[in-house]
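Notes follow the structure.
The values are calculated or read from the model by the stated rules, or taken from the named source; none is laboratory data. Since the model is a prediction, treat every value here as computed from it, not as a measurement. Cβ: placed from backbone, ideal geometry, glycine included. Neighbour counts: every protein chain shown. Only protein heavy atoms, including side chains, enter the accessible area calculation; ligands, DNA and RNA are left aside. Shrake-Rupley method; radii C 1.70, N 1.55, O 1.52, S 1.80 Å.
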Amino acid sequence: MAVLKDTIIIKDLAKTFYLKSETKEVLKDINITVKENEFLVLLGPGQCGKTVLLNILAGLDTPTGGEITFVNGRPPMGDLGVVFQRYALFPWKTVMGNVEINQKFKGKSKAERQAAAQKYIELVGLQGFENSLPKQLSGGMQQRVGIARAYASESDIMLLDEPFGALDAQTRYSMEDEILRIWEKDRRTVIFVTNNVEEAIYLGDRIILLGGHPTGVKKEYVPDLPRPRNYTDPAFLKLRNKIVANTDLVL
Ligand SMILES: Nc1ncnc2c1ncn2[C@@H]1O[C@H](COP(=O)(O)OP(=O)(O)O)[C@@H](O)[C@H]1O
Ligand SMILES: [Mg+2]
């Protein structure tokens, strides 16, 4: 396999919240080097600071220690493709409206914006639904709109924060296949956050297990499993048990 270049270097990152009544140390000594075009999974229990970490990566929050280096330069604020835990769509806007709103398209004519948005609507398989409103769509489809909007940022780096956590199991499995299909078709660096061990193994080129108090990097796993992976493959289950044995909690 080709040697992948470093794209984000997270060094000794720490985040402490100083509240009126307490000091909350959430992240400490986080060291992660993200490789270009890899599918990196951050796996950790609920409340461990995954969203805090992604928000810092997205530039929506600042660390209290350490540093993050974007090897190719920090993408301009708002330029990273982020998919949030909840769909976070504008309910009054159509699918087209939600995708073309991306600020990457600012300054372009409506026709240009829509042509660019159309490409991403097709990438996530929502052609024919351009004029639908979010409430007319299933949860899986709404999350596809979120993915299309994030890809429309044309950022090299995609941050996905438990994007399938709110979906029922069947839809979740099909969205896991979808996100891999999209990643194969339009290679970007993906940082995918989950609290689900099976999802992590199904998706990740590399899995960073977070844990401890405050949260740090506990372990790293590189699943040596061909794609498409199979949840019932003995090698899959073996890795699952290995990771679970190292996990702080079951959620
Ligand atoms: N702005 C904030 N002020 C104080 N505490 C916060 C703030 N944001 C997050 N936290 C705390 O940080 C911890 C980690 O939160 P979060 O990153 O949302 O967890 P996760 O995404 O892993 O479930 C939680 O205990 C949460 O209460
Ligand atoms: Mg979270």
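When you look at Leu210, is it within 16 Å of ligand 2 (Cβ to nearest atom), surrounded by 14 or more Cβ atoms within 10 Å (Cβ to Cβ), under 19 Å from the mean Cα position of the chain (by Cα) and modelled with pLDDT under 95, yes or no? Answer is no for this residue.
Scanning segment 185-239 for residues that are within 16 Å of ligand 1 (Cβ to nearest atom) and not aliphatic (A, V, I, L, M) yields Phe192, Thr194, Asn195, Asn196, Glu199, Gly211, Gly212, His213, Pro214, Thr215, Gly216, Lys218.
Residues of segment 115-156 that are among the aliphatic types (A, V, I, L, M), open to solvent by 10 Å² or more (accessible area, probe 1.4 Å) and out of contact with any Asp or Glu (no Cβ under 8 Å at 6 or more places or on another chain): Ala115, Leu133, Leu137, Met141.
For segment 140-165, a residue qualifies if it is in a loop (DSSP other than H, G, I, E, B) and farther than 13 Å from Glu199 by Cβ, and the qualifying residues are Ala152, Ser153, Glu154, Ser155, Asp156. Residues that are at pLDDT 95 or above and assigned to a loop (DSSP other than H, G, I, E, B) were ranked within segment 213-225; the one that is surrounded by the most Cβ atoms within 10 Å (Cβ to Cβ) is Pro223. Here the strands (runs of 3 or more DSSP E) wholly within segment 1-106 that include at least 1 residues being within 29 Å of Lys242 (Cα to Cα) and open to solvent by 20 Å² or more (accessible area, probe 1.4 Å) are 6-18, 23-35.
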